[in-house]
1. Check the stretch 190-205 and report whether any residue there is of a type in the set (Ser, Thr, Tyr), in contact (Cβ under 8 Å) with a residue 40 or more places away in the chain and under 20 Å from residue 140 (Cα atoms).
2. Suppose we filter 343, 353 for residues that are over 30 Å from residue 176 (Cα atoms) and either modelled with pLDDT under 95 or of a type in the set (Lys, Arg) (or both); which single one remains?
3. Which residue, of 435, 376, 360, is under 20 Å from residue 317 (Cα atoms), out of contact with any helix residue (DSSP H, G or I) (no Cβ under 8 Å at 6 or more places or on another chain) and among the hydroxyl-bearing types (Ser, Thr, Tyr)?
4. Given (1) surrounded by fewer than 20 Cβ atoms within 10 Å (Cβ to Cβ); (2) closer than 26 Å to residue 253 by Cβ, identify the lone condition not met by residue 143.
5. When residue 373 is evaluated against the numbered criteria (1) crowded, with 23+ Cβ neighbours inside 10 Å; (2) under 30 Å from residue 23 (Cβ atoms); (3) out of contact with any strand residue (DSSP E or B) (no Cβ under 8 Å at 6 or more places or on another chain), which criterion, by number, is the only one it fails?
6. Please find, among 288, 251, the residue that is surrounded by fewer than 20 Cβ atoms within 10 Å (Cβ to Cβ), assigned by TED's automatic domain parsing to the domain that holds residue 348, more than 17 Å from residue 402 (Cβ to Cβ) and not aromatic (Phe, Trp, Tyr).
7. Show the residue pairs that are 6+ apart or on different chains and have beta-carbon atoms under 6 Å apart, the first residue being within the stretch 34-48 and closer than 15 Å to residue 424 by Cα, the second being in a loop (DSSP other than H, G, I, E, B).
8. Go through (1) within 14 Å of the ligand (Cβ to nearest atom); (2) among the hydrophobic types (A, V, I, L, M, F, W, C); (3) surrounded by 23 or more Cβ atoms within 10 Å (Cβ to Cβ) and name the single condition residue 365 misses.
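The values are calculated or read from the model by the stated rules, or taken from the named source; none is laboratory data. Being a predicted model, the structure only gives us computed values, none of them experimental. When we count neighbours, we look across all protein chains shown, and the Cβ atoms used for this are built from the backbone with ideal geometry, even at glycine.
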Amino acid sequence: MDQLKQLFYEKSQNLSKEIKEILAEHGTKIVDDVQLSQVYGGMRDITSMLWEPSLLDSEQGIRFRGFSIPELREKLPRAANGKEPLPEGLFWLMLTGVLPTKDQVKWLTENWNRRANVPEHVFKTIDALPIDTHPMTQLSVGVMAMQNTSVFAQRYSSGMQKTEYWDATYEDTMNLVARLPRVAAYIFRRVYRKEDHVLPDISLDWGANFAHMLGFEDEGFKEYMRLFLTIHADHEGGNASAHTTHLVGSTLSDPYLSYSAALNALAGPLHGLANQEVVRWIQKMVETLGTTKPTREQIGEYVKSTIAGGRVVPGYGHAVLRKPDPRYMAQKQFCEDNIPDSDLVKIVWKIFDVVPPILSSLGKVKNPWPNVDAHSGAVLIHYGLKEYNFYTVIFGISRALGVLAAQCWSRALGLPLERPKSVTTEWVKEFLAKSEAPAEEGK
Ligand code: CMX
């Protein structure tokens, strides 16, 4: 058994035992109430699922196994001469709960490089799609095409025991994460670089190799890619892409099927697609205003016209967060340190000055602050990755780390099929009639 698998096995066995004890003693304790407005309101804030890799606090933002993003940037191993964390280290942390050493991260990079071979039929499947198919759809199809190699699916059909599910899920997770950058880069070069593909360089780490296969050799871009792939990896379990993985996986669909479904959720404009929408929105603004250096007043008028047109301001607001997103702040800091003079980045910062008071003045927006998607496009454009339809793919590659680490945990802990209760409005009316009826006399 490899060293990461061994550590994960020990940790998950221990937690499994602990959970059994907790449930035996406290299983009937009430952890939450549910209001009718939550039933109609997208199940916001209802505590109802388990997700080990990370936890979101509405004020402080995301913590991965207790570590904030600034702490991860400080404590996770980095590339030689690099300042940003290696996403491999975050995967190790999410899977085991333990910060890895430099050697352990090196081992993981090498292990993924050995697993990264993508079967030829996957490229042929992608090539069969019309070139104007959205890159997120191409990625989802590419992942589905790899499903015939699922260790979980093969072992399940040969009668695998429940106690082995975690092992097969771990193998699929490691293979899939290892292959993803190659598949995504293939899509990028197919669509935007006339099929001039770039072969992997196995001397590089996971993030830098992805940048290399996309065709970007700038060290600054490689550093940003490491940061990007780290901060987008997980946002606890209730967000649409994570929850989709969890739900689909709970039927014992293998990691390829579950993660492909997650990509389809991430491809929605209220979720991951917002990062491309932000850039489209800014470019339209620059075009409309006729300047690359708009004033705060001009931006304010443009924001108001977006809202008056019945559209949301992309990159702002969040279902859980109630403060500026630490993932936005990490990117802001990266830009202050590395590219403070980019016109586009300066626009992003001015938008941050202007949008929150306008959204607050509407009186209905619960969080007027920027989220992760408000910043990334400007940085990618600065480094020359201008094809914004590809941005959500990069988000998706990062998201694999969190949702697949969580899937390993779900199978190791033996979590069951997910099946919440739904009701009809007819049921609600009857429920209200009963609860509002006066108590019968004498009772
Ligand atoms: N611009 C304009 N209006 C907004 C808004 C924004 N950025 N954010 C919220 N609102 C509106 C909502 O549309 C809703 O209006 P109605 O009551 O008329 O339908 C009202 O404010 C209340 O919404 P909320 O409770 O504050 O926010 P939700 O939890 O319902 O939605 C989110 C959260 C992210 C979908 C929403 O803020 C939004 O649409 N933001 C823009 C898209 C975006 O950036 N998405 C990326 C999120 C991060 C990610 O998952 O990647």
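1. Within the stretch 190-205, one or more residues are of a type in the set (Ser, Thr, Tyr), in contact (Cβ under 8 Å) with a residue 40 or more places away in the chain and under 20 Å from residue 140 (Cα atoms).
2. Residue meeting the stated conditions: 343.
3. 360
4. Of (1) surrounded by fewer than 20 Cβ atoms within 10 Å (Cβ to Cβ); (2) closer than 26 Å to residue 253 by Cβ, only one is false for residue 143: (1).
5. The single condition residue 373 does not satisfy is (2).
6. On inspection, the qualifying residue turns out to be 288.
7. If the second residue must be in a loop (DSSP other than H, G, I, E, B), the pairs left are 38/44; 38/46.
8. Status for residue 365: all satisfied but (3).
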